[in-house]
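Peer 1: One structure coming up, written as structure tokens, with questions to follow.
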Amino acid sequence: MDSQIISLIISWTVSLIAGGAGGTIVGALVKNRNLSPMLNTVLGAVGGGLGGKVLPMLIPAIGSLVGGTDSLVGTGGLSAIVGALLPLIVGFFKKPAVAA
């Protein structure tokens with residue numbers, strides 16, 4: 001395989017894992033707006049993938065801030081942050097559980 005393809009696969013994997021971790025951590029910390037653990041992780045991975053890879057392409061200032069799309073540390077950090085934000089945003093629109 002071409003080294004550029006391997007680098008792209010590794011970068012996407014880091015984005016998905018960091019986003020999933022961010023979503024899982026936020027789900028564990030915010031109990032009143034918590035979605036299911038699986039949904040937190042999936043939303044975090046989706047947010048991490050989109051936030052870590054697509055957001056720097058759409059907003060070049062973010063891309064240069066995190067070191068471009070080739071920086072695994074910057075991509076992972078941004079993915080974790082966006083991965084944590086997406087479950088929070090979705091949980092904000094969820095109706096809170098009524099105590100019986």
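Read-outs throughout are calculated quantities, based only on the coordinates presented, and are distinct from any laboratory measurement. Because the structure is a prediction, the values reported are computed rather than measured. Cβ: placed from backbone, ideal geometry, glycine included. Neighbour counts: every protein chain shown.
Peer 1: Can you pull out the trypsin sites (Lys or Arg not before Pro) in the stretch 19-68 whose DSSP state is coil and whose Cβ has at most 10 other Cβ atoms within 10 Å?
Peer 2: LYS31
Peer 1: Related question: Which FRET efficiency value, to the nearest 0.05, do you get for LEU29 and LEU8 by plugging their Cβ-Cβ distance into 1/(1 + (r/R0)^6) with R0 = 30 Å? Mind dumping the intermediate values first?
Peer 2: Numbers: r = 32 Å, r/R0 = 1.06.
Approximately 0.40, to the nearest 0.05.
Peer 1: To the nearest 0.05, what FRET efficiency results for SER64 and LEU39 with a Förster distance of 35 Å applied to their C-beta separation?
Peer 2: With a Förster radius of 35 Å, E is 0.60.
Peer 1: May I ask you to evaluate 6.51 cos²θ - 1.76 cosθ + 1.60, the Karplus curve with θ = phi - 60°, for each residue of the stretch 15-29 and list the ³J(HN,Hα) values in order in whole Hz, giving x for glycine and proline?
Peer 2: 4, 5, 5, 5, x, x, 5, x, x, 5, 5, 5, x, 6, 7
Peer 1: Rounded, prolate or oblate, given the Cα gyration tensor of the stretch 7-92, with a/c below 1.5 counting as rounded?
Peer 2: Working: a/c = 2.64, a/b = 1.92, b/c = 1.37.
Judged from the Cα gyration tensor, the stretch 7-92 comes out prolate (a/c at least 1.5, a/b above b/c).
Peer 1: Same structure, new question: When the chain is modelled as a GNM with alpha-carbon springs shorter than 10 Å, which of ALA84, ALA18, ALA28 fluctuates the most?
Peer 2: Highest fluctuation of the listed residues: ALA28.
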